[in-house]
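See below for the structure under consideration.
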Amino acid sequence: MTERFDHKRIEAFWQEAWEKDRAFSSSPSNDREKYYVLEMFPYPSGKIHMGHVRNYSIGDVVARFLMMKGKNVLHPMGWDSFGLPAENAAIQNNIHPSKWTYENIANMKRQLKGLGLCYDWDREVATCAPEYYKWNQWIFLRLYEKGLAYKKLSLVNWCPGCSTVLANEQVIEGACWRCSSEVDAKELNQWFFKITEYAEELLQCTYKMPGWPERVLTMQRNWIGKSIGAEIEFKVKGAPESIRVFTTRPDTIYGVTFLSIAPSHPVVDKIASREKISEIKAFSDKLKNKTKRDIDLLEKQGIFIGASCVNPLTGEDVPVYASNFVLMEYGTGAVMAVPGHDQRDFEFAKAYNLPIKVVINPSDSALNPETLDKAYVDNGVMSPLTPFAGMSNIEAIDEILKILEQKGLGKKTINYKLRDWGISRQRYWGCPIPIVYCEKCGVVPVDLKDLPVILPEDVSFTGKGLSPLANAGAFVNTICPKCGSEAKRETDTMDTFVDSSWYFLRYCSPKELTLPFDKADASYWMPVDQYVGGIEHAVLHLLYSRFFTKAMRDLGLIGFDEPFKNLLTQGMVCKETLKCPEHGFLFPEEVKAGKCVKCNKAVSSGPVEKMSKSKKNIVDPDRIISEYGADTTRLFSLFAAPPEKDLDWNEEGVEGCYRFLGRVWRLVLDNIEFIRDVQKYDPQKDGSLRVPTPLYPTDPTKHDPHKDDSFQRKAEIMDIHTLTHRTIEKVTHDIEERFHFNTAISAIMEQVNALYLFIGSMPVEKLETNGLAKKVLRESIESLILILSPFAPHISEELWKRVGSLTPLYMTRWPDASELALLKEEFTLIVQVNGKLRSKVIVPVGATEADVRPIVLNDAKTKEWINGKSIRKFVYVPEKLVNIVAG
RNA sequence: GCCGAAGUGGCGGAAUUGGCAGACGCGCCAGAUUCAGGUUCUGGUGGGUGAAAGCCUGUGGGGGUUCGAGUCCCCCCUUCGGCACCA
């Protein structure tokens, strides 16, 4: 009886051994090439979910593989531990956010260790620790000093029911997530980081980042939203003011029939007629209180403000409208309206009976504004109504800009959609902003030597009113660092995205006391060679981190431009949902025989969706790990789909992986006597034993144990040798070049299947006496254990020890595929007749067309298909196939 | 509306450069082992047709390029993701 595969005992044993050996600790070294593998650190919400398992399994394979490849690998882990859920827990369960957070960290750390992930835990960081957030404050002050952090009035979401500010994420369809009151827009003084200063560089670098997925780069480019156009000044008729508009289509200026401005545009107060001002104000307020979605549904609306401007080129009067579709935040808050060539303006002109002018025509026809049913937005030729009749509109842009520039009424401009990053949060559980407000000195930064500004523990959580910090007198009341008189601290905390914008640098020297990180350590380890995380951070975290890197470079802290060389965005973990017509989503245990246990109605299986509590389709990693083990859990999460695709969770697939590991276990233990003390087969020394080998799988009659012919036996043994090295080659390539762990695992499975067949076809006494078989078997099993180890490290370590290795597996080199073993003397040539597979022939490697032609044409099957027809073409693809065109 | 990704057996997915479509796993079917269930081992499994060998057909749909297309080009359909009055 083979010893049972006891995953619990094995996994506990090796996890302890790795920890005791400090197997994965890292330090800079000049004799090995560095490699920094990073997975996005988790928010300590309480326990890990399958998304974490997947994310960290991917990173772990990369890290373990590269360690075995001899790289000096940095693979750290930490906690993004400031944030709102901790505060909610405080309000709901009367537990301090700090306690809640650290308990969660302890539990999740236990879970990550239970997965056998190869982290250097000596580098662990938690962003809520003063030793960490001190440096947040330090960076903030350096940015402030550089003018990259500033304060300004801006709109926030205000809940009148809770009398507090809400984050955008807390506003659900325009209402408070907690009390459902309608959320107002409110103007507050907020701190900002000047990310817009880097808009152009952030954009340009996206074209030089081949290691990032194209779709993430596209999303970032869209988010930055560069558009090239012109700013044009329209003088107000009968008033000293003028209105500046931004347009990407200066070529349409001759078609302007009105101007549209944002209702909140400051010019309204100056030029609108008295009776209109209050109407426009009301219109503007109404818009502010609507969520984006609602505005989308609104029709084009506007109010004539009672004033007109003059078209700088035609001198025509253009009435000014306050319109609901013009945003104050973009461009200049004013647009020139060209109904003939812009669809929004067209709709507005139709609704308000404004003239439509065509100034650009398609190259082959002339448009009639009377009969136009939509705006003509394509390129074309300038119409006779303009001074550039017949010229292409693209060329006309430069001509028009020249005239405007001469008149001093326009110039080329670039606009970005990217806004400065508002980092103030009216919350407690975050990093305090190190600023003091003094009546005499105004805004005063805290001295660097006085950092950190410690977040006070002794505060009360009511969920009402201002941030708990604002009520913490001992915190708020302080002394002005400049003049020493009484002053008050800033009570807002920083957005938690600030914490995560530089944590990858802190990992390089997590215990550094004088700076956020040691410059030499950072320049050794950085940039991150491989970053792995979810697509949900495509813009936010990944853009902020890029910005921070550039800003810190300009502060002289680092000497590189981009933080993450290669990025892998893994797909979501999904599962089928179950839905009862009466009770909605159900947990699997609420369904018996396809019926809801509450109402006995038939339950339909809903769509496969991302695992979430509300959809009741979550699978708890703890349960899976305890039932099947960490190795199986990791293996399944890597085998079920390629990493960037969504993964469908199904328990039968998990069982399949468990079965596979059991199969490996038995394969090794059942044959351990044959291989334990045998020397490995070395093709360099034993190369003379090589015999011509057909491709695997070979003729099934060969597996007949009674038909023992030593030549055939030898060929069969050598097939295993070849397969072993082909598998090493494929697995190495799949991990290294493609991150296709699913195909790497399937190749290992194929090797296992082949070994079972080989052993099954070989009588025991043969195995015992055949030296070559033993050697080849040992080599194959050894290499199997090694290449399986990044995926399933515990079982691999255990088997590695069992086959008699003295050093632990994690200290062992990754096997190399022997080129000699991969050499073939013959290969199977595919024979196609008229593009269809008709036969196969064995030919020597390196055969030329002249060598192959007679062999193929004499092949009986091929002859049959050619059937006397004349051969019109003979296509030979060396080492692959021939295609005979006959007819 | 714009941008992007994808569409292959009952299911998850392979096919790296245009060259044997469906590797591997799940499920299902059969045989062996077992007192029995489970386990384990072996074989089969796209569809059509056939006793079988085999033949025909087949990668969302339609066209094209090519000796040869899941892969390249054009048009269309569907699904998912992102952005969305950005002037």
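Beta carbons closer than 8 Å, at least 6 apart along the sequence or on distinct chains, pair a first residue in segment A:140-156 that is open to solvent by 50 Å² or more (accessible area, probe 1.4 Å) with a second that is part of a helix (DSSP H, G or I) for A:Lys146/A:Ala551; A:Lys146/A:Asp554; A:Tyr150/A:Tyr144; A:Leu155/A:Lys288. Restricting attention to segment A:1-31, the residues being surrounded by 12 or more Cβ atoms within 10 Å (Cβ to Cβ) and farther than 23 Å from A:His794 by Cα number 1.
Residues in segment A:472-512 that are in a helix (DSSP H, G or I) and of a type in the set (S, T, N, Q): A:Thr496 alone. Look at segment A:659-674: where a residue is outside any helix (DSSP H, G or I) and a partner is more than 10 Å from RNA strand B (Cβ to nearest atom) and open to solvent by less than 10 Å² (accessible area, probe 1.4 Å), sitting 6+ places away or on another chain with Cβ atoms under 7 Å, you get A:Asn671/A:Leu777. Of all the residues in segment A:409-446, those that are part of a loop (DSSP other than H, G, I, E, B) and open to solvent by 60 Å² or more (accessible area, probe 1.4 Å) number 4.
Table: residues versus (1) at pLDDT below 95; (2) within 19 Å of A:Cys118 (Cα to Cα).
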position	(1), (2)
A:Asp6	yes, no
A:Ile10	no, yes
A:Asp60	no, yes
A:Lys69	yes, yes
A:Asn72	no, yes
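The set of residues in segment A:578-606 being in a loop (DSSP other than H, G, I, E, B), exposed (fewer than 14 other Cβ atoms within 10 Å of the Cβ) and touching a residue at least 24 places away in the same chain (Cβ under 8 Å) consists of A:Phe587 alone. Across segment A:464-471, a minimum of one residue is classified as part of a loop (DSSP other than H, G, I, E, B) and surrounded by 18 or more Cβ atoms within 10 Å (Cβ to Cβ). Only one of the numbered conditions (1) at pLDDT 90 or above; (2) over 30 Å from A:Gly83 (Cβ atoms); (3) open to solvent by 10 Å² or more (accessible area, probe 1.4 Å); (4) not small (Gly, Ala, Ser) is not met by A:Met382, and that is (3).
Evaluated against (1) free of Cβ contacts under 8 Å to residues at least 12 places away in the same chain; (2) open to solvent by 50 Å² or more (accessible area, probe 1.4 Å); (3) among the hydroxyl-bearing types (Ser, Thr, Tyr), A:Ser612 falls short on exactly one condition, (2). Taken over segment A:192-231, the criterion of being exposed (fewer than 14 other Cβ atoms within 10 Å of the Cβ), of a type in the set (D, E, K, R) and in contact with a Ser or Thr (Cβ under 9 Å, 6 or more places away or on another chain) is satisfied by A:Arg215 alone. Kindly check whether there is at least one residue in segment A:558-577 that is surrounded by 14 or more Cβ atoms within 10 Å (Cβ to Cβ) and more than 30 Å from A:Asn55 (Cα to Cα). No, every residue in segment A:558-577 fails to be surrounded by 14 or more Cβ atoms within 10 Å (Cβ to Cβ) and more than 30 Å from A:Asn55 (Cα to Cα).
So is A:Val845 more than 9 Å from RNA strand B (Cβ to nearest atom) and in contact (Cβ under 8 Å) with a residue 24 or more places away in the chain or not? Yes; evaluated as a whole, the condition is true for this residue.
Every condition in (1) of a type in the set (Lys, Arg); (2) at pLDDT 85 or above; (3) within 25 Å of A:Ser780 (Cα to Cα) is met by A:Lys685 except one, and the failing one is (2).
The single condition among (1) more than 8 Å from RNA strand B (Cβ to nearest atom); (2) exposed (fewer than 15 other Cβ atoms within 10 Å of the Cβ) that A:Glu655 does not satisfy is (1). Can you find a residue in segment A:737-748 that is among the aromatic types (Phe, Trp, Tyr), surrounded by 20 or more Cβ atoms within 10 Å (Cβ to Cβ) and at pLDDT 90 or above? Within segment A:737-748, one or more residues are among the aromatic types (Phe, Trp, Tyr), surrounded by 20 or more Cβ atoms within 10 Å (Cβ to Cβ) and at pLDDT 90 or above. In segment A:530-555, the residue that is nearest to A:Ala641 (Cα to Cα) out of those that are at pLDDT 95 or above and open to solvent by 40 Å² or more (accessible area, probe 1.4 Å) is A:Arg553.
Of the residues making up segment A:513-544, those that are more than 23 Å from the chain's Cα centre (by Cα), closer than 21 Å to A:Asp554 by Cα and part of a loop (DSSP other than H, G, I, E, B) number 5. Just one residue in the set A:Trp814, A:Trp800 is more than 16 Å from RNA strand B (Cβ to nearest atom) and open to solvent by less than 10 Å² (accessible area, probe 1.4 Å); that residue is A:Trp814.
Residues checked against (1) among the aliphatic types (A, V, I, L, M); (2) touching a His at 6+ places or on another chain (Cβ under 7 Å); (3) closer than 17 Å to A:Ala230 by Cα; (4) within 13 Å of RNA strand B (Cβ to nearest atom):
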residue	(1), (2), (3), (4)
A:Ile305	yes, no, no, no
A:Pro319	no, no, no, no
A:Asn324	no, no, no, yes
A:His341	no, no, yes, yes
A:Phe346	no, no, no, yes
A:Ala349	yes, no, no, no
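Selection of segment A:753-784 for residues being assigned to a helix (DSSP H, G or I), surrounded by fewer than 21 Cβ atoms within 10 Å (Cβ to Cβ) and within 10 Å of RNA strand B (Cβ to nearest atom) yields A:Asn753, A:Ala754, A:Tyr756, A:Leu757, A:Ile759, A:Gly760. Screening segment A:799-887 for helices (runs of 4 or more DSSP H) wholly inside it with 3 or more residues that are out of contact with any His (no Cβ under 9 Å at 6 or more places or on another chain) returns the ranges A:849-858, A:860-866. The residues of segment A:254-267 that are in contact with a Pro (Cβ under 8 Å, 6 or more places away or on another chain) and within 11 Å of RNA strand B (Cβ to nearest atom) amount to a single one, A:Leu259. Considering A:Val335, A:Val310, the condition of being touching a residue at least 24 places away in the same chain (Cβ under 8 Å), of a type in the set (A, V, I, L, M), near RNA strand B (Cβ under 8 Å from one of its atoms) and under 17 Å from A:Pro250 (Cα atoms) is satisfied by A:Val335 alone. Residues in segment A:351-376 that are open to solvent by less than 30 Å² (accessible area, probe 1.4 Å) and away from RNA strand B (no atom under 16 Å from the Cβ): 4 in all.
Does A:Met77 satisfy the criteria of being open to solvent by less than 60 Å² (accessible area, probe 1.4 Å), within 30 Å of the chain's Cα centre (by Cα) and modelled with pLDDT of 95 or more?
Numbers: open to solvent by less than 60 Å² (accessible area, probe 1.4 Å): yes; within 30 Å of the chain's Cα centre (by Cα): yes; modelled with pLDDT of 95 or more: yes.
So A:Met77 passes the test.
The values are calculated or read from the model by the stated rules, or taken from the named source; none is laboratory data. All values reported here derive from a predicted model rather than from experimental measurement. Using ideal geometry, Cβ is built from the backbone for each residue, glycine included, and neighbour counts are taken over all protein chains shown. Accessible surface is based on the protein model in full, side chains and every heavy atom, while ligands, DNA and RNA are left aside. Shrake-Rupley method; radii C 1.70, N 1.55, O 1.52, S 1.80 Å.
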